[in-house]
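A.B. asks: Quick one: structure below, then a few questions.
Just so it is clear, none of the values below were taken in a lab; they were calculated from the coordinates. Being a predicted model, the structure only gives us computed values, none of them experimental. Glycine gets a Cβ as well: all are built from the backbone with ideal geometry, and neighbour counts include every protein chain shown.
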Amino acid sequence: MSAVATDPQEAESHSSDADVREDGSYVDSALGRRSRVTPTVTIVEPSAFDWGDAGVGAAGAFGLTLLAGGVAVMSLDSCRRAA
C-alpha cells in the first residue's frame, strides 16, 4: 500500500520530470519553484553551392569511370584470348 501525500507542499516536493505542464513549465527542485523552458530555433539557410555534395558527386563519377574502364579492359582481354 503506497502513501498518498495530502499536503500540496509535500506533493510538489515529490514531483518528477513527468510533472511538465502544457505550457512547458515544470517544478525545479533546485530552485524550489516552477520554471519554464523556452526552445530556441535557429534557421540556417543553405549556400548556393555545397562543396560537400560536389565532392561526393565527383567521387561517384570517378568510381564509375574506374569500373567502366575495368570492365572494358577485361572484355578486351577476354576477346583477345578467344581469338
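A.B. asks: Extending each Cα 7 Å along its Cβ direction at R80 and L66, get the distance between those two points in nm, one decimal.
C.D. replies: Label-label distance for R80 and L66, simple model: 2.3 nm.
A.B. asks: A further question follows. Using the basic label-point model (7 angstrom from Cα toward the beta carbon), what is the A59 to S29 distance in nanometres?
C.D. replies: A separation of 4.8 nm, rounded to one decimal place.
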